[in-house]
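Data first, discussion second: the structure below is written as structure tokens.
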Amino acid sequence: MSDYQFRLANKDDIPEITSIYRSLVGTPGCTWNLDYPNAESALSDLENGALYVLETDGKIVAAASMGDFNELSHLPWASQRPCELARIGVLPAMQKHGVGSIILQNVIRAAKEKGFDGMRFLVSKNNIAALALYDKNGFEKCGETFMYGLDFYCYQICFRDPG
């Protein structure tokens, strides 16, 4: 197994991250298109200190955004100070090799270090691979919503008892 390095992204990473986004458009269950996510959304996440990458042998193989985006606060959640996970993607050639779990576990660790008490996000009801990844990594389905013209499941994980 390759050695992976998890780190905050930098501006030089934007082309590789955008390439990952583009490589996933049209894959089963993916709701992304050529307009989203894009270099602008990656740059915005970068400027907010919310964009992370996983690399091996000098090549970025996965990216994810995690932070206080406040896009989902209108939905009910168990944790009091959760972060949001967004725009997580793994290069198609690296899928089914545990890379999704590796970046996800590292993002969870980073969220805990930032003081968040949980993580929440939406996932397409049709994205079978993503649903399996989140289920395998201890997330729970906690509802459903219709946003952005699509049906989603709400997923979350609490890092400590929300009390």
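Numerical summary
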quantity: Residues that are surrounded by 13 or more Cβ atoms within 10 Å (Cβ to Cβ), hydrophobic (A, V, I, L, M, F, W, C) and under 26 Å from residue 148 (Cα atoms), drawn from the stretch 1-38; calculated: 14, 17, 20, 24, 25, 30, 32
quantity: Test: residue in the stretch 89-105 that is part of a strand (DSSP E or B), touching a residue at least 12 places away in the same chain (Cβ under 8 Å) and under 20 Å from residue 3 (Cα atoms); calculated: yes
quantity: Set 159, 152, 146: member being loosely packed, with under 12 Cβ neighbours inside 10 Å and farther than 26 Å from residue 3 by Cα; calculated: 146
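A short reminder: the numbers here are calculations on the coordinates, not readings from a lab. Values in this document were obtained by computation on a predicted structure and should not be read as measured data. So basically every Cβ, Gly included, is an ideal-geometry build from the backbone, and we count neighbours across all protein chains shown.
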